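The values are calculated or read from the model by the stated rules, or taken from the named source; none is laboratory data. These numbers come from a predicted model, not from an experiment. Neighbour counts are summed over all protein chains in view; Cβ atoms, including those assigned to glycine, are modelled from backbone coordinates with ideal geometry.
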Amino acid sequence: MAKRLTALWMAALWPALSAALGLPDVAALQTMIGVPAAPVQVVEPHLSTRDVATRVQYRGWPAQAVLDRVLGDSWRSAGADVEFRALDGYVSRIPAERFSRFRAYLVYERIGQPDFTVDNLAQNEKNVPLGPYYLVWDNIRDPELLSEGGTYWPYQVAQVLVSRERATALLPPGIAPGFDESAALTQKYCLACHRVNGYGGDKARGDLAQITKALPRADFLRWVLEPSVIKPGTAMPGLPEAMAESDRQAVARRLLDYLVAVPARQ
């Protein structure tokens, strides 16, 4: 019931929020793009498990078309991230080049359902509001995306902008060479909620690198692999379970090694 009331409240408040936060409402965005929104079917990561792939149909536009209209050409520049800011403080910064490799869609409707919501199985949440917009990826056409789970699937998206802070924040002077890929993994799996040197989301307090340095190694690994075991009921998701377990373990170690190594930005 609470989730349903939240969804209704957000729907009522959205016209004012869209004006304040940057993305136009659906009707205005439709006019800007000039192409009718179309159905897109995906394996919904929030409803799927390692053994069961649940397909869902949404309605929206190709993300590249939306970004071109809202941001112009600036988002396509080398080294840029596209920053999707959600109403709850979640910030997903996605490397711009990813949109050239894979097909993404900004959707606003779940076809065949009265509400634009989804159950988030990994976080034990029911009827999570997805609007005003939800970024989804065509993981049926590109099944390699299935192992990522819900990574880079921000919902409640209210604002889209371009960010170029990644290199200076995540690879500051003083860090040893060879951490580029580990920094990218940290951005991908941790920094929608957490921050490193001021770069990341607004949901978690403190600097993740400094927090990690104070943790025993085994504790950090358990947190990123099995957070609900450490803290039952936590909203923090672990690394995607769709990933092979050996890969999950390897990514967890790379995250730890990077966060211990990264110095504070001067």
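Some notes on this structure:
- Some residue of the stretch 160-177 being within 24 Å of PRO36 (Cβ to Cβ) and crowded, with 20+ Cβ neighbours inside 10 Å: yes
- The set of residues in the stretch 102-133 being of a type outside the set (A, V, I, L, M), within 17 Å of the chain's Cα centre (by Cα) and farther than 13 Å from LEU47 by Cβ consists of PHE102, ARG103, TYR105, TYR108, PRO129, GLY131, PRO132, TYR133.
- Exactly one residue out of LYS188, LYS126 is without any contact (Cβ under 8 Å) to a residue 60 or more places away in the chain and on the phi < 0 side of the Ramachandran plot, and it is LYS188.
- Failed criterion for SER18 (all others in (1) surrounded by 16 or more Cβ atoms within 10 Å (Cβ to Cβ); (2) modelled with pLDDT of 50 or more; (3) not hydrophobic (A, V, I, L, M, F, W, C) hold): (2)
- Check on ALA80, under 27 Å from GLY200 (Cα atoms), touching a residue at least 60 places away in the same chain (Cβ under 8 Å) and not assigned by TED's automatic domain parsing to the domain that holds ALA184: yes
- The stretch 88-102, residues that are surrounded by fewer than 19 Cβ atoms within 10 Å (Cβ to Cβ) and touching a Pro at 6+ places or on another chain (Cβ under 8 Å): TYR90
- Checking each residue in the stretch 51-81 for being in contact with a Pro (Cβ under 8 Å, 6 or more places away or on another chain), surrounded by 18 or more Cβ atoms within 10 Å (Cβ to Cβ) and at pLDDT 95 or above picks out only TYR58.
- Reported count of residues in the stretch 192-205, each being at pLDDT below 90 and in a loop (DSSP other than H, G, I, E, B), is 8.
- For the stretch 221-247, a residue qualifies if it is modelled with pLDDT of 85 or more, outside any loop (DSSP other than H, G, I, E, B) and in contact with a helix residue (DSSP H, G or I) (Cβ under 6 Å, 6 or more places away or on another chain), and the qualifying residues are LEU221, ARG222, TRP223, VAL224, LEU225.
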